[in-house]
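The values are calculated or read from the model by the stated rules, or taken from the named source; none is laboratory data. Note that the coordinates shown come from a computational prediction; the quantities given were computed from them, not determined experimentally. Virtual Cβ from ideal backbone geometry, glycine too; neighbours counted across all protein chains shown. Note: areas computed on protein heavy atoms with side chains; ligands, DNA, RNA excluded. Shrake-Rupley method; radii C 1.70, N 1.55, O 1.52, S 1.80 Å.
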Amino acid sequence: LAREGLGAQPAAGAAGPHHAPRARSVIWCFMEGGPSHVDLFDPKPALQRLAGQPMPASFGRPITAMGTASNTLMPSRRAWKQHGECGLWVSDWYPRVAEHADDLCVIRSCWADGLNHVGPVSQMNTGSILAGRPSLGAWATYGLGTPNESLPAFVVLTDDRDVVGSAKNWSSGFLPATYQGTQLRSESPVILDLEPPGGPGAAGQRAKLDYLAVLNRRHAGAGGGAADTELEARIRSYELAYRMQAAAPEAVDLEGESELTRRLYGLDDPATARYGRNLLLARRLVERGVRFVQCYCGSGSGWDAHTDIEGNHSKWCRASDGPIAGLLTDLKARGLLDTTLVVWGGEFGRTPFNEKGTGRDHNPWGFTVWFAGGGARAGQAIGATDEIGLRAVERRVHVHDIHATILHLLGLDHLKLTYFHGGRDERATVNAGEVVPEAVG
């Protein structure tokens, strides 16, 4: 109870929930590189009418990453339909996700700071375009603790290359180092060096770890009482690794899943198998008490379609559509969707004007993020971008607001979840942010 913040005394380092949580865990489907909102969830008929024309002066002339603001407007080539009882618009790039329209809370008016990938990826993870702050997963773990001490509380999974900015995106920043994310491999073995060493046996290994902890804490005490969070995190990591030798092999073993479940996530198709494997693993982890799981799709800026957006997005939509739909179906069937918040989105969207004729530039001024489950109010679209999808103009939602809303659904008040650092009480949303009330009911 203490580890989950429900006991009389919260777990060490955990403040506990500030109000009744709607979600216990988060699975973040991070489409790295910038998916095009105007081709996926935010249809713009004006783009069809103005195709091939310069952007009207009334929309202003933004400073873009690649200097493309004077290029002509490029229409979407997608077919659009309304789906579900709510009539949510989704393009034909996401037909399987569209079947879950009534489970989605789509925020069409998101905006961020920064133009190039490393800053906005950092901001979407940590709240700042400058590296060094704690990630949202670290804040959630710091605030709530973990229900399972035999698995990492915060896990990161990638599917392609290294994430832009790498481990800084799941760092604990100035929080104690023990709250940082743990990156697992997307291929077998998921966790390296997990097998216990030969020789000493369980009792001998336990004795060695106990003695090592004594030496480490003696060393820490020699520092005059100053906190060494990295050393403390190392001590805890040894203990976690020891416990994981028993718990983790079962948690990450997908072979016991039924053939029906494996097909549901697309493990039988090379195009979807890698991301499907990560999402199936994410479901198994939250089922076992892991608090926060990030699953990158197109890790290493895969969605960055400066040219040939049709080819680029067709690949990554194909890779993610079925597995994400499978995750939503599976969570709902297991009664987990009510307590698991699924987040979808990238670091920004893409421009309504063309780049190099067939691509789209970065667009941090207006893009889409959606929630499903975890207490989010489903079957609706919140906010709007302008007629061509360039800027958020109605019910604008900044990254800090997204973070405040996620924390709220986890039972945490972003104004009260603080950590004293550098002479002030720091919080996940830095100096801004408010909960989006339309999203939480």
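Do we find that residue 332 is at pLDDT 95 or above, touching a helix residue (DSSP H, G or I) at 6+ places or on another chain (Cβ under 8 Å) and open to solvent by 50 Å² or more (accessible area, probe 1.4 Å) in this structure?
Numbers: at pLDDT 95 or above: yes; touching a helix residue (DSSP H, G or I) at 6+ places or on another chain (Cβ under 8 Å): yes; open to solvent by 50 Å² or more (accessible area, probe 1.4 Å): yes.
Yes: the conditions hold for residue 332.
Yes or no: region 42-57 includes at least one residue that is in a loop (DSSP other than H, G, I, E, B) and in contact with a helix residue (DSSP H, G or I) (Cβ under 8 Å, 6 or more places away or on another chain).
The first filter runs over region 42-57 and keeps only residues in a loop (DSSP other than H, G, I, E, B), leaving 42-44, 50-53, 55-56.
Those still in the list that are in contact with a helix residue (DSSP H, G or I) (Cβ under 8 Å, 6 or more places away or on another chain) too: 44.
Scanning region 42-57, I find at least one residue that is in a loop (DSSP other than H, G, I, E, B) and in contact with a helix residue (DSSP H, G or I) (Cβ under 8 Å, 6 or more places away or on another chain), so the answer is yes.
Looking only at region 280-315, which residues are open to solvent by 10 Å² or more (accessible area, probe 1.4 Å) and polar (S, T, N, Q)?
Scanning region 280-315 gives 301, 307, 312, 314.
Open to solvent by 20 Å² or more (accessible area, probe 1.4 Å) and acidic (Asp, Glu), is that true of residue 32? Before you say what the answer is, go through the steps one by one.
Values: open to solvent by 20 Å² or more (accessible area, probe 1.4 Å): no; acidic (Asp, Glu): yes.
Taking the combined requirement at face value, the residue does not satisfy it.
Within region 68-110, track down each residue that is closer than 27 Å to residue 403 by Cα, in a strand (DSSP E or B), of a type outside the set (Gly, Ala, Ser) and open to solvent by less than 20 Å² (accessible area, probe 1.4 Å).
Passing the criteria: 88, 90, 104, 105, 106, 107, 110.
Report, by residue number, each residue of region 115-127 that is open to solvent by 30 Å² or more (accessible area, probe 1.4 Å) and of a type outside the set (Val, Ile, Thr). Show your work before the answer.
Within region 115-127, the first condition is being open to solvent by 30 Å² or more (accessible area, probe 1.4 Å), and the residues that meet it are 115-116, 118.
Residues satisfying the conditions are 115, 116.
If I ask for residues that are open to solvent by 20 Å² or more (accessible area, probe 1.4 Å) and either closer than 24 Å to residue 326 by Cβ or not acidic (Asp, Glu) (or both), which ones from region 360-399 would you list?
365, 377, 378, 379, 380, 381, 384, 391, 393, 395, 396 - these are the residues of region 360-399 that are open to solvent by 20 Å² or more (accessible area, probe 1.4 Å) and either closer than 24 Å to residue 326 by Cβ or not acidic (Asp, Glu) (or both).
Quick one: what pairs do we get from region 278-303, first residue under 15 Å from residue 337 (Cβ atoms), second of a type in the set (S, T, N, Q) and in a strand (DSSP E or B), C-beta under 7 Å, 6+ apart or different chains?
286/25; 286/340
For residues in region 377-410 being of a type in the set (A, V, I, L, M, F, W, C) and part of a loop (DSSP other than H, G, I, E, B), which is farthest from the chain's Cα centre (by Cα)? Give the derivation first.
To start, the set of residues in region 377-410 that are of a type in the set (A, V, I, L, M, F, W, C) comprises 378, 381-382, 384, 388, 390, 392-393, 397, 399, 402, 404, 406-407, 409-410.
Pick out the ones that are also part of a loop (DSSP other than H, G, I, E, B) and you get 378, 388, 390, 410.
Details: 378: 19, 388: 27, 390: 24, 410: 14 Å.
Filtering first and then ranking leaves 388.
Collect the residues in region 246-270 that are open to solvent by less than 40 Å² (accessible area, probe 1.4 Å) and in a helix (DSSP H, G or I), keeping them in residue-number order.
247, 248, 251, 252, 261 - these are the residues of region 246-270 that are open to solvent by less than 40 Å² (accessible area, probe 1.4 Å) and in a helix (DSSP H, G or I).
Please state which one of 357, 441, 433 is modelled with pLDDT under 95, open to solvent by 20 Å² or more (accessible area, probe 1.4 Å) and more than 21 Å from residue 296 (Cα to Cα).
Working: 357 fails: modelled with pLDDT under 95; 433 fails: modelled with pLDDT under 95.
None of the others qualify; the one that does is 441.
Could you check region 134-182 and list, in sequence order, the residues that are part of a loop (DSSP other than H, G, I, E, B), open to solvent by 30 Å² or more (accessible area, probe 1.4 Å) and either touching a strand residue (DSSP E or B) at 6+ places or on another chain (Cβ under 6 Å) or among the charged types (D, E, K, R) (or both)?
149, 160, 161, 162, 174
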